[in-house]
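Read-outs: derived from the displayed coordinates by stated rules, not from any lab. All values reported here derive from a predicted model rather than from experimental measurement. Don't worry about glycine lacking a Cβ; one is built from the backbone with ideal geometry, like all the others, and counts go over all protein chains shown.
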Amino acid sequence: MTRVHVGVGSNIDRERNVRSGLVSLATTFGPLRVSRVFESVAVGFVGEPFYNLVVSFETTLPPATVALRLREIEFAHGRPAQAVKLAPRTLDLDLLLYGDVVAVTESFRIPREDVTRFAYVLWPLAELDGESRHPVDGRTFREIWADFPRASTPGLAPVTFAPAVPDIVSAPAVSAMPAVISADSVSDPVSRPESSDASGLFR
């Protein structure tokens, strides 16, 4: 089994899509370890703020299959087939790390460069698996985050909500042990009507 880390982001109906995305990930890959959720400004374009977090899971699937499954979940959440970079997202799932594998293909690069470029990826990753080491850099993610220039992180802050059902995800108010989510905890909210009150999904 290999530990995989995935970045999760949304700035369109973000509460509903983040929660639904977590359920879809757990349904596809099994139990997840989940960081806190962070709010961040859109980077590279003008748009609504994002919710970002990092999840990890164990899998025997090869990296290419993991990447394909992530894209299928994105499509199920409304990603356009010809989506452009630096644009609003209903659900964005990025393969960040696949154990210690270093690889470059037409469809993905691991480790993803975003890990050391963007605070909205590195901060939750450092909280989730701070003692793990970057496969290329060699430092732990906690060490990389400690050296990260804080001036380059405007508008980034943890969000103080958690899902309304405690046994689904219990995001800590302060850095602590990561939460765990499993697919059988809740039905997939993607099937709920758009008119449902998204504020009831989180507290």
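With r defined as the distance between the Cβ atoms of Ala146 and Asp114 and R0 fixed at 25 Å, what FRET efficiency is calculated, to the nearest 0.05?
In this case the efficiency is close to 0.85.
Would you mind computing, in nm to one decimal, how far apart the modelled labels at Thr160 and Val41 are, each placed 7 Å from Cα along Cα→Cβ?
Using points 7 Å along Cα→Cβ, the separation is 2.2 nm.
Order these peptides, 58-66, 28-36, 112-120, by their mean beta-carbon neighbour count within 10 angstrom, highest first.
Ranked by mean Cβ neighbours within 10 Å, highest first: 28-36, 112-120, 58-66.
What is the spin-label model distance, in nm, from Thr28 to Glu72 if the labels are put 7 Å beyond Cα along the C-beta direction?
Spacing of the two 7 Å Cα→Cβ label points: 0.8 nm.
If I stretch the segment between Asp13 and Ala64 completely, what's the gain in nm (0.36 nm per residue apart, minus their alpha carbon distance), one decimal?
15.5 nm
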